[in-house]
Amino acid sequence: MKKNLNSNQLLKLEANGINTLNDTVENVVLSKGEGSYVYDIKGRKFIDFATGFGTLSLGHSHIKVLKNVKKQLSKVTQGLSDLAATEIRLEFNYTVKKFIGDGWQIYPAISGSDAVEIAIKTAYLYTKKPQIITFKNSYHGTLGLALSATGIEKFKNRFNPFVNLNFVQLKFGSPIENIEEVIDKGEVGAIIVEPIQGRGGIIFPPDNWLEKLAELKNSKRVVLIVDEVLTGWGRTGEIFHTYKKIDVDILCTGKALG
């Protein structure tokens, strides 16, 4: 490692999109992670409370993860996805199905934003109705359709000419009658919701609201997309927060699954 490596060099090299580094304070530059701890290039030790926004459920450098990554890299690194299957991909799909049960089909993707993009496109192909109900203060990602579905304005206000087309944004926890009124106008094909709003501030819906939402989507024949990228894989005490509780059509997951 270069002795003079510092964050100011990174600021000159890297676009400032989502990067929160700045040149007015000392920025931490990490060099390694072990378990719940990370270390910077000065040798300082920190407790990692961020865990990659929920990605590192097993911590940094987990011995079983490292062992299996190394094993797979020595076998097949890139599986040509749409041209051929791989043994590890089949094993992955079967393992996920053990947790989510029968009747599901899996669409592997790169990120949570990708999962949301795929979900919205799938819902449209099924219903042929272009409108999506989403909720204020929600976070679904920063790609095109995912950004449109996101209800936190600071992420999207610079891109208003490109986002929000056919997205109807309601208050999280809105009375079911209000949601039904929007659906009855005839163009709504899907509803996308986080069971607990994550980046919006750990906001829980009213009691039984998700159950009522599921009942509504069945009676109105719209697709219910549940975004469990942040809540999934045990982060609320169960594999999925909505697991076996409500009737979900499309489930988006990621983070710790990676």
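The values are calculated or read from the model by the stated rules, or taken from the named source; none is laboratory data. On a predicted model such as this, the values are computed, not experimentally measured, just so you know. Every residue, glycine among them, receives a Cβ derived from its backbone with ideal geometry; neighbour counts consider all protein chains shown. We work out accessible area using only protein heavy atoms, side chains counted, and drop any ligands, DNA or RNA first. Shrake-Rupley method; radii C 1.70, N 1.55, O 1.52, S 1.80 Å.
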Q: Just need a number here: residues in segment 161-214 that are under 20 Å from residue 119 (Cβ atoms), under 22 Å from the mean Cα position of the chain (by Cα) and among the acidic types (Asp, Glu).
A: 1
Q) In segment 157-178, is there at least one residue being assigned to a helix (DSSP H, G or I) and touching a His at 6+ places or on another chain (Cβ under 8 Å)? A) no
Q | Members of segment 226-240 that are under 15 Å from residue 192 (Cβ atoms) and either open to solvent by 40 Å² or more (accessible area, probe 1.4 Å) or among the hydroxyl-bearing types (Ser, Thr, Tyr) (or both) | A | 230, 231
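Please pick out the residue among 38, 76 that is modelled with pLDDT of 90 or more and either exposed (fewer than 10 other Cβ atoms within 10 Å of the Cβ) or over 22 Å from the mean Cα position of the chain (by Cα) (or both). Steps first, please.
On the way: 76 fails: modelled with pLDDT of 90 or more.
Exactly one residue qualifies, and that residue is 38.
If the requirement is being closer than 30 Å to residue 56 by Cα and at pLDDT 90 or above, which of these qualifies: 191, 179?
Numbers: 179 fails: closer than 30 Å to residue 56 by Cα.
Step by step, each of 191, 179 is checked, and only 191 is closer than 30 Å to residue 56 by Cα and at pLDDT 90 or above.
Would you check which residues across segment 141-150 are assigned to a loop (DSSP other than H, G, I, E, B) and either closer than 20 Å to residue 187 by Cα or of a type in the set (S, T, N, Q) (or both) and list them? Even if it seems obvious, please write down each step before you answer.
Step one: list which residues in segment 141-150 are assigned to a loop (DSSP other than H, G, I, E, B), which gives 141-143, 150.
Of everything in segment 141-150, those that are assigned to a loop (DSSP other than H, G, I, E, B) and either closer than 20 Å to residue 187 by Cα or of a type in the set (S, T, N, Q) (or both) turn out to be 142, 150.
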Q) Being open to solvent by 60 Å² or more (accessible area, probe 1.4 Å), at pLDDT 85 or above and small (Gly, Ala, Ser), is that true of even one residue in segment 58-68? A) yes
Q | Scope segment 184-207; condition among the aliphatic types (A, V, I, L, M) and open to solvent by less than 10 Å² (accessible area, probe 1.4 Å); matching residues | A | 188, 190, 191, 192, 193
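Out of 121, 97, I need the residue that is under 30 Å from residue 149 (Cα atoms), within 17 Å of the chain's Cα centre (by Cα) and surrounded by fewer than 16 Cβ atoms within 10 Å (Cβ to Cβ). Which one? Explain how you work it out, then say what you get.
Details: 97 fails: within 17 Å of the chain's Cα centre (by Cα).
From the options 121, 97, the qualifying one is 121.
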Q) Is there a residue being small (Gly, Ala, Ser) and touching a residue at least 60 places away in the same chain (Cβ under 8 Å) anywhere in segment 178-196? A) yes
